[in-house]
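The values are calculated or read from the model by the stated rules, or taken from the named source; none is laboratory data. For clarity, every value in this text was computed on a predicted model and none was experimentally measured. In this analysis, Cβ positions are derived from the backbone assuming ideal geometry, glycine residues included, and neighbour counts consider all displayed protein chains.
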Amino acid sequence: MTRKQKRLAIIGGGMSFILAAALLVMFAFGQSIAYFYMPADLAKTSVPPETRIRLGGLVEKGSVARGEGSTVSFAVTDNENTVKVTYTGILPDLFREGQGVVTEGKFIAGSDVFVADSVLAKHDENYMPKEVADRLKEQGVWEGQEQTQ
Amino acid sequence: MSVELGHYALVLALATAIVLSILPIWGAWRGDRPLMELATSGSLALFGLVAFAFAVLTQAHLASDFSVKNVWENSHSLVPFIFKFSGVWGNHEGSMLLWLLILVFFSALVAIFGRNLPDTLRANVLAVPAWGATAFPLFILVTPNPFSRLNPAPPEGPDPNPGAQDGGPPIHPPLPFLGYVGSFRRLSFSLARLMEGRIDAAWARWVRPWTLAAWTFLTAGIAMGSYWAYYELGWGGWWFWDPVENASFMPWLAGTALLHSAIVMEKREALKIWTILLAILTFSLSLLGTFLVRSGVLTSVHAFATDPSRGIFILCILVLFIGGALALFAFRAPQLNSGGLFAPISREGALVLNNLILTVSTATVLIGTLYPLLLESLTGEKISVGPPFFNMTFGLLMIPLLLAVPFGPLLAWKRGDLLGALQRLYVAAGLAFFVALVFYYIENGGPVMAVLGLAAGLFLVFGAVSDLWFRAGIGKQAMGVAWRRLVGLPRSAFGTALAHMGLGITVLGIVAVTTFETEHVVEMKPGMTAEAGGYTLAFDGMRSAVGPNYTEDRGHFTVSRGGATVADVWSSKRLYTARRMPTTEAGILTFGTSQLYVSLGDPMADGGIVVRIWWKPYILCIWGGALVMMFGGFVSLSDRRLRVGAPSRRAKPVKAALEAGE
């Protein structure tokens with residue numbers, strides 16, 4: 001191999017690695033991105049079952065009910081629409097009725113109950129997950145004060 | 001009164017920094033010695049002023065002086081002493097002040113110990129960080145200021161975030177800061193050298209200690225952060241691909257790449273342009289990290305400073321520094337001639353492969369972190385990119401790197417012998433595979449792929465050992481000779497072997513814990529038992545307790561194995577009274593490198609409580625490996641070849657003698 005061919009081989013090898021990585025990133029995005037919805041969005045558009053999404057809103061007051069073992073059901077609302085959620089596991093410390101929450105999971109075919117496999121409620125007592133706060137402000141149902149911390 | 005003195009000191013520091021950032025460079029350009037000398041005294045003065053300001057703030061925190069807004073917001077008179085102390089940097093303003101303190105401290109070190117650097121270089125190297133030292137006090141003074149007072153002074157503070165009240169935070173934030181500032185220091189060497197238009201092997205030797213130190217501290221910071229999240233959040237996870245974690249992980253990846261490309265540059269004078277670019281990129285990623293953490297643009301567990309004005313300010317600093325550095329780079333890059341040629345299969349080739357994989361994987365992490373932000377600002381759609389994305393992309397990209405690592409040190413410079421390296425490594429590879437199979441058999445379970453993962457980790461460990469083995473010529477030489485050769489190896493060879501070994505241990509821990517971990521979520525009433533990892537946990541009941549600033553419900557578990565009691569553990573839910581904020585304090589029991597992790601959930605109506613029990617086999621290997629990597633970093637750092645200006649120190653007396661003789 002001449003020096004030129006060698007250099008071409010190295011550059012070609014590097015480029016194909018970068019290309020492979022780019023394809024991998026694209027593939028992974030297709031597989032694992034979860035779109036964020038509020039209950040009001042779900043009233044307008046329907047999400048196909050078994051698609052991973054994030055559902056955010058406020059935990060409806062009086063909706064939290066404990067079932068068998070560690071299964072909990074509650075409702076997420078944005079004061080326009082409400083979606084029932086079930087979750088098996090331990091709820092975060094800051095999960096409370098009337099507080100903001102983001103859940104991740106999917107709808108099971110033939111049911112309108114959202115099955116969450118993760119529930120996030122954040123560190124601070126007046127913390128509202130950013131996505132939820134933004135949307136609540138847009139819809140004019142924002143009640144909390146601005147985050148000062 | 002004293003707080004105002006601190007404020008005043010910070011204003012003076014700003015003024016000093018402005019002078020320091022301009023005059024020495026002017027002096028270096030004009031060849032004006034007194035102006036260049038200003039860099040040394042200015043750096044020391046700057047350090048003194050910032051240290052004073054920091055001491056004043058610390059004093060206010062320790063004395064719980066609630067007339068100071070910063071203290072009131074972040075402290076409480078009942079908080080234990082150590083957390084009053086860490087409260088100084090447990091908040092946004094204080095942490096910026098700490099950043100600044102570390103920055104000027106390093107400058108002062110260079111000013112004192114860098115006497116043997118060439119004058120112009122020293123002037124520039126001290127002046128460049130002064131730009132940063134100008135930006136940060138301005139930032140601290142203009143946006144909410146830690147020295148502002150409250151009138152009237154409230155009697156009591158609202159308590160710092162309970163998550164920050166444990167062993168981690170006192171040392172956790174300073175460590176990545178040390179890393180970030182180290183990369184700033186390296187950048188200042190790069191820029192100073194670029195200004196002079198001289199990028200050579202000497203440059204690589206000067207920046208290497210800083211690169212190493214930055215990398216070592218960042219490794220420590222990331223490992224600490226990960227362990228903190230693991231035991232404090234009570235979720236049992238040790239890495240969440242949270243934006244803030246990524247923010248410190250990206251400079252680490254890029255810094256690791258830089259560490260390796262700088263070797264090529266030092267030894268072979270090749271890859272110059274790339275190395276400088278990488279230095280700029282690593283620094284940019286550190287600043288980006290600060291921006292992401294401080295601006296609150298991304299939802300994160302760390303988002304404790306969500307003030308848009310701060311975000312914009314940091315973004316401005318970011319654009320100014322990165323833009324300026326890249327512009328200088330573009331201006332000077334054509335003048336850098338590249339050095340030695342090398343074959344694809346060679347030490348250089350292996351290091352280029354390392355750089356390629358590390359930078360590409362840094363890019364994937366960056367894309368995954370920023371894509372939601374980008375998409376939201378472009379289309380308004382909100383998405384989340386979760387761990388599956390990172391595991392798939394980053395995880396797959398790392399595999400070739402892990403397999404290639406043991407080959408690197410065994411290849412010769414310029415033209416390596418892959419077959420020879422293979423022959424030297426087949427024992428290590430075979431042994432790794434065998435041990436992995438034994439592991440898999442003992443733990444009986446998990447996907448077969450786990451064997452390959454374990455083998456990859458073990459291959460790294462054994463590969464590092466065989467590198468030292470062959471270098472010393474054990475088995476070929478007489479025992480005494482081999483021993484002398486082993487002891488005589490440069491410290492950096494041991495550093496390399498240790499760092500690679502540490503990586504292997506971490507990989508081993510990650511694979512083992514993801515494969516063999518078990519998790520049980522059970523509802524327990526007093527007297528009930530649960531099984532995990534071969535241990536039996538008996539729940540004895542709940543008890544209430546009161547701490548200095550919290551109340552807690554503690555559950556007691558007796559742990560036994562084969563009928564014999566081996567340990568007991570408390571797991572609790574705390575309520576921090578001042579903020580009405582609950583936290584989970586997981587009960588963690590360590591058996592060798594494995595852990596039993598017990599976390600309490602909600603009490604049930606019928607008197608039971610939901611308990612989550614994890615068996616985490618070999619999990620301590622993850623952080624143990626990081627410790628070994630750090631140790632490797634320190635060993636490498638102690639190599640005398642890397643001391644600042646070490647060769648010229650010896651040269652000086654000769655020169656002095658010549659001058660005296662004239």
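A few notes on this one:
- Members of region B:490-533 found to be within 16 Å of residue B:398 (Cβ to Cβ) and not small (Gly, Ala, Ser), listed by number: B:500, B:503, B:505, B:506, B:507, B:508, B:510, B:511, B:514
- Residue B:437 falls short on exactly one of the conditions (1) within 18 Å of residue B:346 (Cα to Cα); (2) at pLDDT 85 or above, and that condition is (1).
- Selection over region B:321-330 of residues that are touching a residue at least 60 places away in the same chain (Cβ under 8 Å) and surrounded by fewer than 13 Cβ atoms within 10 Å (Cβ to Cβ) gives a count of 0.
- Leading residue by the ranking (surrounded by the fewest Cβ atoms within 10 Å (Cβ to Cβ)) among those in region A:69-93 that are at the interface with another protein chain (Cβ under 9 Å from one of its Cβ atoms) and β-branched (Val, Ile, Thr): A:88
- Residue A:96 more than 30 Å from residue B:348 (Cα to Cα) and facing chain B (nearest Cβ under 9 Å): no
- Evaluation of residue A:50 against (1) over 25 Å from residue B:583 (Cβ atoms); (2) not in a loop (DSSP other than H, G, I, E, B) (one fails), failing number: (2)
- Candidates are the residues of region B:568-590 that are touching a residue at least 24 places away in the same chain (Cβ under 8 Å) and of a type in the set (A, V, I, L, M, F, W, C); the one that is nearest to the other protein chains (Cβ to nearest Cβ) is B:581.
- Residue A:28 meets all of the listed conditions (1) surrounded by 19 or more Cβ atoms within 10 Å (Cβ to Cβ); (2) assigned by TED's automatic domain parsing to the domain that holds residue A:119 but one, namely (2).
- Boolean, residue A:50 is in contact (Cβ under 8 Å) with a residue 40 or more places away in the chain, over 30 Å from residue B:609 (Cβ atoms), out of contact with any Pro (no Cβ under 9 Å at 6 or more places or on another chain) and of a type in the set (Asp, Glu): yes
- Residues in region B:483-529 that are small (Gly, Ala, Ser) and under 28 Å from residue B:239 (Cβ atoms): 7 in all.
- Between B:546, B:559, the distinction of being of a type in the set (A, V, I, L, M), crowded, with 19+ Cβ neighbours inside 10 Å, away from chain A (no Cβ under 14 Å) and in contact with an Asp or Glu (Cβ under 8 Å, 6 or more places away or on another chain) belongs to B:559 only.
- The set of residues in region B:532-541 being within 15 Å of residue B:610 (Cα to Cα) and either surrounded by fewer than 17 Cβ atoms within 10 Å (Cβ to Cβ) or without any contact (Cβ under 8 Å) to a residue 12 or more places away in the chain (or both) consists of B:540, B:541.
- Test for residue B:382: is it touching a strand residue (DSSP E or B) at 6+ places or on another chain (Cβ under 7 Å) and not hydroxyl-bearing (Ser, Thr, Tyr): yes
- Checked against the criterion of being within 14 Å of chain A (Cβ to nearest Cβ) and among the polar types (S, T, N, Q), region B:435-446 has no qualifying residue.
- The single condition from (1) among the small types (Gly, Ala, Ser); (2) more than 30 Å from the chain's Cα centre (by Cα); (3) within 22 Å of residue B:131 (Cβ to Cβ) that residue B:67 fails is (3).
- Filtering region B:366-383 for residues that are more than 10 Å from every other protein chain (Cβ to nearest Cβ), hydrophobic (A, V, I, L, M, F, W, C), buried (at least 16 other Cβ atoms within 10 Å of the Cβ) and under 26 Å from residue B:349 (Cα atoms) leaves a non-empty set.
- Pairs, first in the same structural domain as residue B:461 (by TED's automatic domain parsing) in region B:435-450, second among the acidic types (Asp, Glu) and surrounded by 10 or more Cβ atoms within 10 Å (Cβ to Cβ), C-beta under 9 Å, six or more apart: B:450/B:443
- Selection within region B:591-636 - within 14 Å of chain A (Cβ to nearest Cβ) and either surrounded by fewer than 20 Cβ atoms within 10 Å (Cβ to Cβ) or of a type in the set (Ser, Thr, Tyr) (or both): B:597, B:599, B:602, B:603, B:604, B:605, B:606, B:607, B:608
- Selection within region B:402-415 - within 33 Å of the chain's Cα centre (by Cα) and either in a helix (DSSP H, G or I) or more than 26 Å from residue B:505 (Cβ to Cβ) (or both): B:402, B:403, B:404, B:405, B:406, B:407, B:408, B:409, B:410, B:412, B:413, B:414
- When region B:27-45 is filtered for residues that are over 17 Å from residue B:118 (Cβ atoms) and not polar (S, T, N, Q), the ones remaining, listed by number, are B:42, B:44, B:45.
Okay, residues lined up against (1) touching a strand residue (DSSP E or B) at 6+ places or on another chain (Cβ under 9 Å); (2) within 14 Å of chain A (Cβ to nearest Cβ); (3) closer than 30 Å to residue B:605 by Cβ:
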{"site": "B:479", "(1), (2), (3)": "no, no, no"}
{"site": "B:483", "(1), (2), (3)": "yes, no, no"}
{"site": "B:496", "(1), (2), (3)": "no, no, no"}
{"site": "B:525", "(1), (2), (3)": "yes, yes, yes"}
{"site": "B:533", "(1), (2), (3)": "yes, no, no"}
{"site": "B:539", "(1), (2), (3)": "yes, no, yes"}
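- Scanning region B:76-131 for residues that are in contact with a Leu (Cβ under 8 Å, 6 or more places away or on another chain) and of a type in the set (A, V, I, L, M, F, W, C) yields a count of 17.
- Every residue from region A:1-14 that is more than 10 Å from every other protein chain (Cβ to nearest Cβ) and closer than 19 Å to residue B:357 by Cα: A:8, A:11, A:12
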